[in-house]
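Structure first, then comments.
The values are calculated or read from the model by the stated rules, or taken from the named source; none is laboratory data. A quick note: this is a predicted structure, and the numbers were derived from the prediction, not measured. In this analysis, Cβ positions are derived from the backbone assuming ideal geometry, glycine residues included, and neighbour counts consider all displayed protein chains.
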Amino acid sequence: MADCAQPRLALGVDVGGTGVRAALVDAGGRLRSPVHQFDPQAHQDKDTILANLARGMAAVLQAAPQGVVGVGMGIPGPFDYAQGISLMQNVAKYDALYGVNLQAELRGRLGLPEGMPMRFLNDAAAFALGEWQFGAARGFRRVMAITLGTGCGSAFLVDGQVQSAVPGAGENGYVYNLPYRTGRVDDYISRRGILTLWQERQGEAPELPHGLDVAELAAAADGGCPACQKLFQVWGEMFVEALAGPIERFQPDCLLLGGSIAKSLHLFAEPILVGLSRLAPNGKLRRGADLEDAGVKGAAFAVFQG
């Protein structure tokens with residue numbers, strides 16, 4: 001007789017500053033519902049943000065009439081992940097949630113049972129776990145994950161366990177606040193870092209319009225613009241320079257890159273590979289296999305991981 005048992009499902013939620021992605025995920029990392037993307041209006045007041053989060057999550061839960069075994073949320077910091085309390089303040093997103101217990105608020109708004117697990121983890125850690133369990137980092141023991149976008153996110157895994165104390169990295173394995181040049185890593189290894197570098201170099205390509213964003217600069221590089229190609233090569237060298245400490249001390253066997261800028265990895269992979277061969281000779285460079293939804297899968301996996 002065929003086994004008609006329903007798969008165990010978790011709700012995975014990947015919270016970003018401008019968009020939230022949520023879906024039902026089974027223990028094998030398969031999406032069991034369409035990915036629901038919505039705007040949390042992160043710059044609004046507390047009740048508006050909470051209502052938007054609850055409404056978006058409820059829309060996905062409706063696709064699981066048999067219910068879920070738990071909820072996992074990947075969310076940027078600062079955040080008390082153990083208690084589910086937001087500590088974001090003066091970061092131009094979710095400021096109104098400072099000190100709010102998201103676990104209690106969302107549990108109440110969604111009508112979740114008291115005993116149902118709700119796991120909160122850093123969004124970079126959710127990406128890393130999703131790729132370690134189901135994607136490009138599968139089979140690696142020591143994973144150093146860097147997410148490249150508006151800022152520089154990071155997570156370090158050993159055998160699938162997120163590490164909070166990492167030699168060469170900052171508190172909780174965060175690299176964004178490490179000192180670099182005249183500022184910190186986040187100022188350089190990020191969207192604004194590339195754009196600042198381009199402001200210094202755009203005179204080398206006077207034919208290009210002003211105000212180009214990273215994706216447009218990458219497209220120009222792919223189209224053969226030598227100045228844009230050089231831009232990403234130089235930025236790749238800065239990546240290695242800025243993160244040499246944690247790379248050398250952690251000795252990853254996988255340096256995993258995610259975030260929107262990782263879509264253009266082919267433009268800056270060469271200097272990273274050169275640096276990796278020097279700093280962590282056994283390390284392999286990988287781009288996330290699912291840049292869109294690894295965070296959703298990793299947040300759900302945190303529920304199954306317990």
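Below, the figures for the structure above:
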| item | result |
| --- | --- |
| Residue in the stretch 41-55 that is touching a Leu at 6+ places or on another chain (Cβ under 8 Å), of a type in the set (D, E, K, R) and either modelled with pLDDT of 95 or more or not assigned by TED's automatic domain parsing to the domain that holds Gly115 (or both) present | yes |
| Restricting the stretch 187-212 to residues that are of a type in the set (Val, Ile, Thr) and in a helix (DSSP H, G or I), the residue that is nearest to Ser260 (Cα to Cα) | Ile194 |
| Qualifying residue in the stretch 200-215 (condition: within 29 Å of Asp253 (Cα to Cα) and surrounded by 14 or more Cβ atoms within 10 Å (Cβ to Cβ)) | yes |
| Residue list for the stretch 267-306, filter: closer than 23 Å to Val162 by Cα, assigned to a loop (DSSP other than H, G, I, E, B) and not acidic (Asp, Glu) | Ala280, Pro281, Asn282, Gly283, Gly288, Ala289, Leu291, Gly306 |
| Counted residues, the stretch 220-233 - those being surrounded by fewer than 14 Cβ atoms within 10 Å (Cβ to Cβ) and among the small types (Gly, Ala, Ser) | 2 |
| The stretch 213-226 - residue that is in a helix (DSSP H, G or I) and of a type in the set (Asp, Glu) and, of those, nearest to Pro271 (Cα to Cα) | Asp222 |
| Close pairs from the stretch 210-226: first of a type in the set (Lys, Arg), partner in a loop (DSSP other than H, G, I, E, B) and at pLDDT below 95, Cβ under 8 Å, at least 6 apart | none |
| Long-range neighbours under 7 Å by Cβ, at least six apart or interchain, first residue at pLDDT 95 or above within the stretch 104-128, second acidic (Asp, Glu) | Asp123/Asp14; Ala126/Asp14 |
| Residue identified as touching a residue at least 24 places away in the same chain (Cβ under 8 Å), part of a strand (DSSP E or B) and among the aliphatic types (A, V, I, L, M) among Ala58, Ala54, Ala10 | Ala10 |
| Selection count, the stretch 177-186, where residues are hydroxyl-bearing (Ser, Thr, Tyr) and either assigned to a helix (DSSP H, G or I) or surrounded by 19 or more Cβ atoms within 10 Å (Cβ to Cβ) (or both) | 1 |
| Some residue of the stretch 64-80 being crowded, with 23+ Cβ neighbours inside 10 Å, part of a loop (DSSP other than H, G, I, E, B), in the same structural domain as Val15 (by TED's automatic domain parsing) and not hydrophobic (A, V, I, L, M, F, W, C) | no |
| Breaking point among (1) part of a helix (DSSP H, G or I); (2) free of Cβ contacts under 8 Å to residues at least 12 places away in the same chain; (3) more than 24 Å from Gly168 (Cα to Cα); (4) not acidic (Asp, Glu), for Gln229 | (2) |
| The stretch 129-176, residues that are in a loop (DSSP other than H, G, I, E, B), modelled with pLDDT under 95 and more than 21 Å from Ile272 (Cβ to Cβ) | Ser164, Ala165 |
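Here is a yes/no grid of residues against (1) among the small types (Gly, Ala, Ser); (2) farther than 20 Å from Arg181 by Cα; (3) touching a residue at least 60 places away in the same chain (Cβ under 8 Å):
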residue	(1), (2), (3)
Trp235	no, no, no
Ala242	yes, no, yes
Gly259	yes, yes, yes
Leu265	no, yes, no
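Each row is one residue, and each column tells you yes or no for (1) within 18 Å of Glu105 (Cα to Cα); (2) of a type in the set (A, V, I, L, M, F, W, C); (3) in contact (Cβ under 8 Å) with a residue 60 or more places away in the chain.
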residue: Arg30; (1), (2), (3): no, no, no
residue: Lys46; (1), (2), (3): yes, no, no
residue: Gln83; (1), (2), (3): yes, no, no
residue: Leu87; (1), (2), (3): yes, yes, no
